[in-house]
Each structure stands twice: as structure tokens, then as C-alpha cells.
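The values are calculated or read from the model by the stated rules, or taken from the named source; none is laboratory data. Keep in mind it's a predicted model, so treat the numbers as computed, not measured. When we count neighbours, we look across all protein chains shown, and the Cβ atoms used for this are built from the backbone with ideal geometry, even at glycine. In case anyone asks, the SASA skips ligands and DNA or RNA and just uses the protein heavy atoms, side chains included. Shrake-Rupley method; radii C 1.70, N 1.55, O 1.52, S 1.80 Å.
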Amino acid sequence: MLVTWRYRPRKSIIQSFDPRAWIIFFGCYLASTLLFWDLRYLSFFLLLALIVLFTSGIRWKEIRKAMLFIGGFILFFSFLTFLTGRGGMELYAEEHVLRELKASFHILGWQPSLLISAEKTMFSISMLARVFSIAVMTILIPYSLNPALYGVTFRGLGLPDKIAYAMDLTMRFIPTFGRDFTLTMDAQRARGYELEKISGGLAAQVRKLAPLVVPVTIHAIAGSEDIIDAMDLRAFGIGPRTWLIKLTYKPRDYFLIGFGILLLVISIAFSLWGWGKFWVPAGLLALAGA
Amino acid sequence: MTDSSLRIENLSFRYRSRADLALRSISFEAAAGQVLLIAGASGCGKTTLIRCINGLIPNSYKGEIQGGIWVQGKPIQGLSLARISQMVGTVLQDPERQILGTRVINEVAFGLENLHLSREEILSRVDEALTRLNILHLKDRETFHLSGGEKQKVAIAGVLAMRPLVLLLDEPLASLDPASAQETLQMVRRLADDGMTVLMVEHRVEDVLNIHPETAMFLDEGEIRYYGPTAGLYRAVDYHRIKLPAPLILERAVKDPVPEPLTRQLEAAKAGIPNQTLVRFEGVRFGYEENQTVLAGINLEIRRGDIIAVLGPNGAGKTTLVKHAIGLLKPKAGRVLVDGRDTHQISVAEVAHTLGYVFQSPSHMLFAETVRAELAFGPTNLKHPPEEIEKDVREAIRIVHLEGFEENPPLALSFGQQKRVSIAAILAMRSRILVMDEPTAGQDYKNYMEFMDAILKLPGFEAVLFITHDIDLAVIYANRVILVNHGQVVRDGTPEEVLKDLAYLEENRLVPTSLLKTNLELYAHTRSFQRAEDLAHLGVLQNRSDRYQNSTLQ
């Protein structure tokens with residue numbers, strides 16, 4: 001059976017809008033954020049995301065796991081970017097060195113070193129802000145959209161019946177997958193399996209994950225077959241479909257959509273004018289002696 | 001013949017991937033207002049028959065089909081699934097696998113939405129279906145949070161709302177507690193009385209007999225072995241293979257040789273300190289969410305020599321309770337000691353050396369390429385010596401009757417066989433305590449009786465505990481019964497002590513079976529609960545079997 005996300009009706013900004021309006025706004029927000037690399041512009045988007053987060057009525061306890069996992073992931077990759085400078089090469093042509101750290105030892109004649117430049121530093125900070133804003137806005141969706149409305153929301157956004165329902169199922173498939181994973185993990189632990197103790201080379205390690213990966217995958221496949229049968233047996237897809245729930249826009253929804261579109265148009269205009277590109281504060285450059 | 005709502009003539013079917021026929025020349029009819037019970041062991045072709053009638057064959061499952069199916073005189077061959085689904089409604093075995101909607105109202109409306117009816121029409125039909133099944137109060141609930149019995153009713157409502165002429169039920173009782181099963185059955189009877197044609201495939205023949213199906217069929221190897229009035233079914237089937245009401249078994253078993261006696265004493269328990277505590281629950285409280293109580297202060301000891309049956313309604317907390325015994329869940333308050341060690345302090349893998357736990361669903365654990373490798377996985381993790389593993393694996397395969405399947409991939413086996421592999425996988429670990437969550441679900445009667453026998457005869461177990469909805473398993477195998485409800489142990493004692501209070505059982509959603517009643521009636525002579533086959537050979541009974549037969553069949 002498909003599990004749903006931990007949605008609860010709450011008094012919050014996000015839930016006071018029609019889900020379609022929110023998805024449109026979310027799309028505009030996403031596209032707009034991706035147009036910028038300038039930390040000053042990105043701060044605006046981050047602020048927006050934080051406002052939505054703090055008015056969402058979701059308690060820290062409820063999203064702690066998700067936030068820590070995704071937050072940790074983003075921090076880790078931003079740090080990696082900081083170390084390597086990868087991905088930023090297209091944005092800046094020259095680097096101003098703040099400091100160069102050299103290891104006091106050699107490995108096979110190679111001396112590990114780390115070049116800290118103003119550009120690398122700013123790039124990783126900008127990336128952190130960008131990805132974090134998007135992540136926050138995305139995490140909020142499953143907590144705030146009523147699962148009973150998934151299908152009709154996508155239908156209302158203009159997707160065909162079948163695809164809208166498929167999207168509905170897909171949204172619910174993710175938490176279901178999580179539940180199956182936990183059950184499998186439990187079943188294997190009861191057979192003395194310990195994930196923490198997996199050792200050996202990469203290939204051996206991957207092979208030792210089979211007790212988890214195989215049942216979860218098979219379950220997902222068998223589960224989808226059941227769902228297809230259940231849908232077929234109740235005449236799904238024979239023609240146009242009625243959606244029992246009817247969504248109606250309120251004035252505030254039009255306002256939100258308008259705001260979203262305006263945000264996107266302005267963002268596109270800015271980026272066409274060349275504003276909002278990668279920015280390194282003058283102070284930092286001065287520090288580098290430029 | 002014309003008034004039959006369902007008529008099947010000479011139906012044969014072979015799946016494209018198989019060499020042999022799944023169904024052979026099946027012919028029968030079912031009339032409006034009647035219940036047809038279809039009994040048979042797993043693999044007998046029941047599910048294939050259902051798929052032929054509801055159109056999944058040949059629309060979703062390909063193969064060669066011969067013969068014809070008519071619903072109200074109209075052939076259904078060549079019709080789309082959607083057309084068939086408006087005439088034939090299907091309720092699958094597990095409501096979990098059928099329910100698509102997140103809320104009850106969405107679930108019941110799903111088929112109607114697909115038929116593109118108007119919103120008003122849909123709403124009125126949803127209300128009608130829910131009212132008919134007495135579950136209108138569930139309308140706005142989330143399907144995920146319903147109990148097993150409620151889910152089954154909602155699944156039936158979703159089919160009923162499409163107003164089918166024929167209702168197919170594929171083992172609808174499999175996941176329900178006895179009271180929910182009875183409620184579902186009563187509901188099905190009412191639907192038939194209102195004019196629907198009902199085909200019910202079910203292992204639990206005894207339960208279905210309570211709603212007096214007009215006709216019955218016994219399928220075996222894809223062929224009809226019996227088809228006629230229900231009373232005739234008893235003579236047509238082997239009571240070792242299909243579970244019949246106890247008085248009927250008594251009557252038949254008298255003529256058979258005396259069965260091998262059952263043991264309710266564990267071999268390993270005879271040595272060592274008697275009644276030594278192996279697992280101890282001290283004031284265990286638990287909830288999955290904050291402010292939720294699933295276990296409300298459990299105090300319990302599992303002692304050497306115990307064969308415990310844990311009974312209780314759906315959602316009582318039985319699985320949550322036993323998951324604490326292996327440390328998969330840790331108490332929010334109180335503690336659980338396994339062999340004197342607190343589960344807070346040891347890993348699940350460490351507990352697994354002492355306590356083997358068989359999960360409810362085999363599909364969550366099977367992964368290996370062969371049955372043999374699957375069985376060796378646990379003991380290898382526990383670092384048993386290879387030669388011992390080989391011996392234990394062989395022994396486990398023998399106990400669950402999977403000889404000849406050693407090199408087959410477990411995932412390609414039938415559900416019943418997979419379940420047995422999952423039990424064998426734990427048996428091969430040679431733990432001292434065995435815990436099983438619904439070991440008999442989805443199993444044939446003969447199969448599960450045999451492996452329960454074999455497990456209890458194994459020399460290694462100091463205590464065995466199983467969760468079950470089948471009171472008869474408690475009657476036959478347990479030497480201690482624990483009744484769980486509302487997160488508490490409400491009764492704990494010998495089967496005779498706990499099960500004699502029929503009114504209390506019913507309060508806890510357990511329905512006394514004919515075997516229990518017969519045993520209680522004869523208790524003065526037997527002084528212990530026994531199988532029907534054993535009771536048949538008590539001298540005191542020989543001249544009374546007629547009376548039993550009459551009293552139960554009325």
C-alpha cells in the first residue's frame with residue numbers, strides 16, 4: 001500500500017494557497033534562483049525560503065531528520081567545492097589567492113596543497129545559498145500539500161489525466177519506498193546482518209548490499225504490478241476522467257501566481273542585462289592583495 | 001440456464017510462460033443472490049480462474065485461453081477490462097494491495113471517476129456504497145490509518161460503488177482478525193441476499209460456512225473435483241488438506257488410523273533449569289509517534305519450555321510487542337532483557353544469536369540466488385562453522401518441505417513457498433528462542449500443520465512464540481496463550497485457562513472455533529486441548545459424533 005508523506009493541515013502561509021498556485025510559484029522561484037550566482041541576489045531568495053519555512057507551522061522535530069540529512073549533504077558538497085574549486089571555473093577567469101596551505105609531508109613526491117582564493121570561497125558560499133534555498137522550498141512541499149490533492153493538482157496544472165494520476169502515485173511512491181527499505185533493513189538485521197560492518201573492496205561492498213537492495217527493488221516492482229492491476233480492475237484510463245475534488249482559485253492564489261511570474265520575468269530581465277552574475281566582494285579581493 | 005448471471009463453459013487456460021494448463025475444462029454457473037465458495041490448496045488455479053472472469057486474463061496476463069464466459073448471457077471475450085469491470089467487481093486478497101486513494105472517499109470514488117460520471121452522481125454512489133456496508137463514518141478518514149478489517153470493507157465499497165453484477169472475492173479473510181472476518185462475511189451474505197452473485201475463494205472454509213454458501217466448488221490442479229451443494233463438499237475433500245469444522249473431522253477421522261501424538265513439550269526445555277526466564281519485559285511502553293501509545297506497560301516473561309500463542313485483534317500491538325524482543329524497537333519506558341541483557345545495550349545482530357525472528361512478509365527479506373544461499377545467510381552472519389551451516393540448512397529445508405528446491409531462486413517461488421523459505425532461513429540460524437509473526441498466513445492448511453509439528457519437534461528450541469489470528473493453532477500447539485489488546489497483555493495463562501471464557505474472547509474480537517468449542521465440551525474427559533483427529537479416537541466420543549454433526553451444521 002502506498003504510504004503518504006507526513007502531511008498535516010496547519011495554519012501556515014504555504015497551506016493558505018491553492019496547491020496549484022503554490023506549485024506554479026514554486027516553479028517560478030526555482031527557475032529564478034537558478035538564474036543567479038550573485039550572493040546579494042541569492043540572499044533575497046534565501047530570505048524568501050526562510051520566511052516560508054518559519055511560517056510553515058512545521059515543528060523542528062518533524063523535519064529534523066530530512067533537514068539534517070539534506071543540510072549535511074549540501075554542506076559536504078559545498079566544502080568539497082571549496083577544496084577543489086570544481087564547477088566554478090566557468091564563472092571566473094582568474095583567481096586571487098588569499099592563502100596557500102602546503103602540507104608538511106610528501107606522498108610519493110607529491111606535496112598536498114590547498115589554494116584558498118577569494119573566488120573559490122565566494123563560489124562555494126554562493127552555491128551553498130543557492131542549493132539551500134531550493135532545498136528548503138522543496139522539503140516543505142510534501143509536508144504541506146495534502147496527498148489527497150496530488151492528482152487533481154497536477155491535472156489542474158494542465159497535465160493529461162493519466163499523467164496527473166501517475167504523478168500522484170509517484171509522489172506517494174517515495175515514502176513507500178522508504179518504508180519498505182526500513183522493513184527490509186529490520187528483517188535482515190534480525191538475520192545478523194550489520195550494515196556497519198561491511199568491509200572489503202568497492203565491488204565486495206556493493207555485493208554485500210544485495211540483502212537490502214534486492215528485496216526493496218523486487219518489492220517495488222511487485223508493488224507497481226499490484227497497483228496496475230487494481231487500477232485496471234476499476235476502469236482506469238478508458239477515457240476522460242472526473243476528478244471528484246474541485247479546486248477553486250481564490251484572489252490570493254492569483255496574487256501568488258502573479259508574484260511568481262513577476263519574479264521570474266524580472267529575474268530573466270536581470271540576467272539578460274547581465275546582472276546577478278558571480279560576485280566577489282571588493283573587500284575580499286583587497287584582502288587578496290588585488 | 002438463462003437466469004445465471006455467470007456461466008462458464010469448458011474454460012481452459014495456459015500461461016504463456018508455463019508448459020502445463022493452469023485451468024482444465026472448467027464449467028459451472030452461478031446464479032444471482034447466491035454465494036459460491038471455491039476451495040482449494042494454493043496453486044490449484046483459484047486465482048487464475050478469478051483472473052479469467054475479471055478480464056485480467058487475457059488483457060494483462062497473456063496465454064492461451066479456451067472456452068467461454070458469459071455474464072447475464074453476454075460473452076465477455078473481447079471486451080475491454082473497463083467494460084468487464086462494470087459487470088464484474090474484484091476484491092483482491094490483500095486490501096493493502098488494492099487501495100489507491102489516500103482518503104476513503106477518494107478510494108471509493110476511484111472507479112466512478114474513471115467512468116467519467118458527474119460529481120453529484122459519484123458522491124451519491126459513494127455514500128450509497130458506504131452506507132450499505134455500514135462504514136459511512138469512515139468517509140473522510142485516511143486509508144493508511146484504517147485497521148485491517150476497515151481496509152477490507154473500504155476496498156469492497158470501492159468495487160461495490162461501480163455496481164457490478166458479479167462480485168469476486170479472492171481470499172478476502174487472509175489478513176483479518178476473526179471478528180473482522182466474520183463481519184466481512186456477514187456483509188458479503190447481505191450483498192448476495194440483495195441479488196448479487198458472489199464467488200468467494202477462501203482457505204478458511206469453516207468461517208465461510210457460517211454464511212451458508214449455496215454452492216461450493218473444490219479445485220485441485222486446475223480441475224473441478226467437486227461442484228454442487230455445499231453439504232457435499234465435506235465428503236469430496238480430504239480433511240487433512242482443507243480445514244473442515246471439527247465435528248466433521250471427528251466423524252471422518254474415527255475411521256482412520258490413530259494419528260501420531262503431538263508434543264507440547266520442547267525437547268531442549270527438558271534439560272536445564274525449568275521455567276528459567278529467557279526474555280523479560282519490564283513495564284515496556286512504546287509509541288511510534290509522540291503522544292501515541294502502542295504498548296501501554298507490558299510486563300511479561302518468556303520462560304524455558306514455553307510455546308506461546310499471541311492472540312489479539314488487528315492493531316492490538318502484537319507485532320510491536322515481539323519486535324521489542326529482538327531489539328528492533330526499543331522501549332520508550334521500561335526495558336526488555338534477553339538472556340539478562342538489556343536490548344538498549346546490545347545490537348539486533350547480537351540478540352539474533354539467541355532469538356530468531358520470522359517476519360510476517362517474506363518478500364521483505366528474500367534476496368539470494370538460491371534457496372540454499374538464502375538459508376545460509378543468517379548462520380554465516382552469525383559466524384557458524386561451514387560444516388554446521390550446511391547441516392542446519394539441509395535440516396531446515398526438510399522441515400518446511402522444500403526438498404528439490406535448494407537450487408531454485410527463492411524469488412521465483414510461490415508466495416506460500418517463499419513464506420516457508422523465510423521460516424527455514426531463521427530455523428537454519430539455530431537460535432534458542434523462535435519468534436514467528438503470523439507463520440501460517442497464506443499457507444495451505446496441510447502445509448502449516450506439518451511444519452508447525454516439525455518445528456516443535458526440533459531439538460534446539462528452548463521457547464517458541466508465534467503471533468496468530470487462528471485460534472485453532474493456539475488450541476493445538478500452544479502450552480501458553482497471551483491475549484493482547486490495546487497495547488496490554490489482558491490475559492496470560494494455559495490455553496485452557498485463557499480460551500475457556502468465550503464471552504471474553506469475543507470482547508477481544510476473537511471468535512471461538514468449532515474445535516475450541518468441541519474441546520471445551522470434552523474437557524472433563526480429556527483434561528487438555530487436542531486436535532480433532534485425536535478427539536475422534538477417544539472412546540467417549542464414538543457414539544456422540546452424530547450429535548455434533550447435527551448441532552454444528554444447523
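Could you do me a favour and compute the accessible area per residue for the protein assembly as shown, 1.4 Å probe, result in Å²?
Values: 36560 Å² over 844 residues.
Dividing the accessible area of the protein assembly as shown by its residue count gives 43 Å².
Note down the relative contact order for segment B:193-240 as a percent, whole number, built from C-alpha pairs under 8 angstrom at least six residues apart. Intermediate results must be reported in sequence, preceding the final value.
Numbers: 35 pairs, mean separation 11.6, N = 48.
Answer for segment B:193-240 is 24 percent.
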| Can you pull the three principal axis extents for the Cα set of segment A:79-196, in Å, largest first? | 59, 48, 22
| query | In segment B:349-366, what residues drop by 40 Å² or more in accessible surface going from the chain by itself to the full protein assembly, probe 1.4 Å? | reply | B:349, B:359, B:363, B:364, B:365
| request: Ignore the peptide's own chain and count Cβ atoms of other chains within 10 Å of each Cβ in B:76-82; give me the average, rounded. | output: 3
| Given a 1.4 Å probe and the protein chains all in place, what does the accessible area of residue B:506 round to, in Å² to the nearest 10? | 110
| Starting at 0 and stepping by 10 Å, how many percent of the alpha carbon pairs of the protein assembly as shown end up in each bin? | 2, 11, 18, 21, 19, 14, 8, 4, 2, 1, 0, 0
| query | Any idea how far apart residue A:182 and residue A:116 come out in nm if each label point goes 7 Å out from Cα toward Cβ? | reply | 4.2
| said: Below 8 Å, C-alpha to C-alpha, sequence gap of six or more: please give me the relative contact order for chain B in percent. | reply: 15
| task | Please work out the C-alpha center-to-center distance from segment B:1-68 to segment B:114-168 and express it in whole Å. | result | 27
| For residue B:488, which sequence-distant residues (separation of 5 or more, or a different chain) have an amide H within less than 5 Å of its own amide H, given hydrogens modelled in the peptide plane? | B:296
| remark: From the Cα centre of segment A:217-250 to that of segment A:99-178, the distance in Å is 28
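State, as an integer percentage, the relative contact order of segment B:267-499 based on alpha-carbon contacts under 8 Å between residues 6 or more apart. Let's see the in-between values first.
Values: 458 pairs, mean separation 65.1, N = 233.
Relative contact order for segment B:267-499 comes out at 28 percent.
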| remark: Straight-line reach check, residue B:270, cutoff 24 Å on alpha carbons, 8 or more apart in-chain or any other chain, hits among lysines -> B:391, B:457
| said: For a test of the definition: using alpha carbon positions, the gyration tensor, and the 1.5 limit on a/c, classify segment A:202-290 as rounded, prolate or oblate. | reply: oblate
| query | Pick from A:240, A:175, A:147: which residue has the top mean-square fluctuation in a GNM of chain A where Cα pairs under 10 Å get a spring? | reply | A:240
| Per the Cauchy relation, a quarter of the hull surface: what is the mean projected area of the convex hull of the alpha carbons in segment B:451-500, in nm²? | 4.0
| Among A:197, A:162, A:250: highest mean-square fluctuation, GNM of chain A, C-alpha pairs under 10 Å | A:197
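At 30 Å minimum axial length over the Cα atoms and a Kyte-Doolittle cut of 1.0, report the qualifying DSSP H helices in chain A, or say none. Mind dumping the intermediate values first?
On the way: long enough: A:60-84 (35 Å, 1.18); A:118-144 (39 Å, 1.16); A:161-189 (42 Å, -0.17); A:210-232 (32 Å, 0.92); A:251-273 (33 Å, 1.62).
Helices meeting the criterion: A:60-84, A:118-144, A:251-273.
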| Looking at segment A:193-213, which residues lose a minimum of 30 Å² of accessible area between their chain alone and all protein chains in place, measuring with a 1.4 Å probe and not counting ligands or nucleic acids? | A:194, A:211
| Who wins for biggest fluctuation among A:203, A:49, A:148 in a Gaussian network model of chain A, springs between alpha carbons below 10 Å? | A:203
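Quick check for me: using +1 on Lys/Arg Cβ and -1 on Asp/Glu Cβ, what's the dipole size of the protein assembly as shown about its Cα centre, in debye to the nearest 20? Intermediate results must be reported in sequence, preceding the final value.
Numbers: 91 positive and 89 negative charges, 421 e Å.
Charge dipole of the protein assembly as shown: 2020 debye, to the nearest 20.
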| Part-to-part distance (alpha-carbon centres) for segment A:7-24 and segment B:361-401, which is given in Å | 51
| query | Of B:501, B:342, which has the most accessible area with a 1.4 Å probe, and how do the rest follow in descending order? | reply | B:501, B:342
| field | Principal axis dimensions, segment A:14-284 - Cα atoms, whole angstrom, descending | value | 70, 57, 34
| Do the alpha carbons of any pairs in B:46/B:151; A:197/B:419; A:246/B:318; A:11/B:139; B:62/B:243; B:153/B:243 sit beyond 30 Å of each other, and which pairs? | A:246/B:318; B:62/B:243
| How much of the accessible area of the protein assembly as shown, probe 1.4 Å, is carbon plus sulfur, in whole percent? | 57
| field | Loss of accessible area when A meets B, both sides summed, Å² nearest 100, probe 1.4 Å | value | 5100
